[in-house]
Amino acid sequence: MSADFLDWRKCVIGKMERLDKEVLNTAPVADFRGNDGSLLAVLKTLLFFTFLMITLPIGLYFGTKSYVFEGTLGMSNRDSYFYAAIVAVVAVHIVLALFVYVAWNEGSRQWRDGKQD
């Protein structure tokens, strides 16, 4: 390679490195320090509803199958599976609806609080 090409290449690479450093120095940095409380509240809400989504339908399924449908109502094993599954599905829908309601109200509350600043 010729010396002129190598000099041109070094010049271009040097300019690109300086440009990269300038871009990195002027890039905006996200500031999450003011949102720690709201992020923690969102995480707690999400974990609470995740716990409910796992435990409530399973618990209701086995509880209603054994104690309500087979024990109290005297249904057959096959019928109790069906009705216990319906109870579990209804529980899932209730937990999802509650999560959407809480998330919607939490979001609108944060929006209103931010709007007043």
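A compact table of results
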read-out: Residue list for the stretch 21-57, restricted to those being modelled with pLDDT of 90 or more and among the basic types (K, R); value: K44
read-out: Complete set of residues in the stretch 45-76 that are open to solvent by 80 Å² or more (accessible area, probe 1.4 Å) and free of Cβ contacts under 8 Å to residues at least 24 places away in the same chain; value: L46, L47, F48, F51, I54, F62, Y67, T72, L73
read-out: Matching residues in the stretch 69-89 - criterion: being over 22 Å from the mean Cα position of the chain (by Cα) and closer than 15 Å to L56 by Cβ; value: A84, A85, I86, V87, A88
read-out: Subset of the stretch 32-44 [exposed (fewer than 12 other Cβ atoms within 10 Å of the Cβ) and assigned to a helix (DSSP H, G or I)]; value: R33, G34, D36, G37, L39, L40, L43, K44
read-out: Candidate set from the stretch 95-105 (those that are open to solvent by less than 90 Å² (accessible area, probe 1.4 Å) and more than 14 Å from the chain's Cα centre (by Cα)); member that is modelled with the lowest pLDDT; value: N105
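The values are calculated or read from the model by the stated rules, or taken from the named source; none is laboratory data. What you see is a predicted model, and the numbers here were worked out from it, not measured in a lab. Every residue, glycine as well, gets a Cβ built from its backbone with ideal geometry; the counts of neighbours run over all protein chains shown. All accessible areas refer to the heavy atoms of the entire protein, side chains included, with ligands and DNA or RNA removed. Shrake-Rupley method; radii C 1.70, N 1.55, O 1.52, S 1.80 Å.
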